[in-house]
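Enquirer: Sharing a structure here in structure tokens format.
The values are calculated or read from the model by the stated rules, or taken from the named source; none is laboratory data. If you're wondering where the values come from, they're calculated on a predicted model, not measured in any experiment. Because the Cβ atoms are built from the backbone with ideal geometry, glycine has one as well, and the counts that use them run over all protein chains shown.
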Amino acid sequence: MTLQGKVALVTGAGSGIGRATAVRLARDGAAVVALGHSQDSADDVAAEIRRAGGTALPVAADVGDAAAVREVYARVERELGRLDVVVANAGVNGVWAPLEELEPQEWQATLATNLTGTFLTVRYAVPLLVRQGGAVVVVSSMNGTRTFTTAGASAYSTSKAGQVAFARMAAVELGPRGVRVNTVCPGAIDTDIMDNTEVRGTQDLGVPAEYPQGQIPLTGEESGSSAQVADVIAFLVSDGASHVTGTEVFVDGGQSLVA
């Protein structure tokens, strides 16, 4: 699955799935635009890529800021001259709370990053992608798409469902212009996203469930890894998936089938 001579942009590249994906695509030969929320995080993953002999352009932007995203792509065009792959990965869990306690600004903040950020990431990439064709992967979740068991995560789950609908619409619209759009829906993955999650008053929400053998059929209690998600993304943006578009791939060890 070579990406030699191609340019790939990965949002949320500073950690977790985004970092693993940036490193993997660089290993497959792509020049990687590592977009982090901070310049320090982008520089860090770029340094890792360069140490392994790859090419990286570290940039920082808030994916929910249209002007900032537009400027990133202007820089990509100036410095690299093309764009072949976009991985819209940047996202937050936001606030998990009962509906009557979730503040409007908390709802808006989650959707601004996860859903509007995905739209802006893809929208401003289109003029570059359609020049030679390319591939987009949106990183969604099993939450809001196949499972609805995370108590209080209404904003998060709504944003993830919206990403799937957006990706399907984009696949239909951009297919005739040579651009494929797919979605990955991870389950429990060993990342640090929970470190920035605010959980309030959810202990009595939802319906309790017990999984005596563990809630992940493939691995029991063991979460998947960011590298395993990156492997699937690498396939979806490669020529090996040249006839795959508008679909979701669940990278969850079967978790969403029983959770």
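Enquirer: Can you tell me which residues in the range 167-184 are in contact with a strand residue (DSSP E or B) (Cβ under 8 Å, 6 or more places away or on another chain) and either among the aliphatic types (A, V, I, L, M) or free of Cβ contacts under 8 Å to residues at least 60 places away in the same chain (or both)?
Expert: Scanning the range 167-184 gives Ala167, Ala170, Ala171, Leu174, Gly178, Val179, Val181, Val184.
Enquirer: Please find, among Leu80, Leu35, Leu25, the residue that is touching a Leu at 6+ places or on another chain (Cβ under 9 Å), crowded, with 22+ Cβ neighbours inside 10 Å and touching a residue at least 60 places away in the same chain (Cβ under 8 Å). Write out each step before concluding.
Expert: Values: Leu80 fails: crowded, with 22+ Cβ neighbours inside 10 Å; Leu35 fails: touching a residue at least 60 places away in the same chain (Cβ under 8 Å).
Exactly one residue qualifies, and that residue is Leu25.
Enquirer: Give the residues of the range 230-240 that are under 22 Å from Pro176 (Cα atoms) and surrounded by fewer than 20 Cβ atoms within 10 Å (Cβ to Cβ), sorted by residue number.
Expert: Phe235, Ser238, Asp239, Gly240, listed by residue number.
Enquirer: Out of the range 137-163, which residues are crowded, with 19+ Cβ neighbours inside 10 Å and hydrophobic (A, V, I, L, M, F, W, C)?
Expert: Val137, Val138, Val139, Met142, Ala153, Ala155
Enquirer: Under 7 Å between Cβ atoms, at least 6 apart or on separate chains: pull out the pairs that start in the range 144-166 with a residue that is within 20 Å of Gly254 (Cβ to Cβ) and end on any residue that is assigned to a helix (DSSP H, G or I) and at pLDDT below 95.
Expert: Arg146/Ser256; Thr147/Ser256
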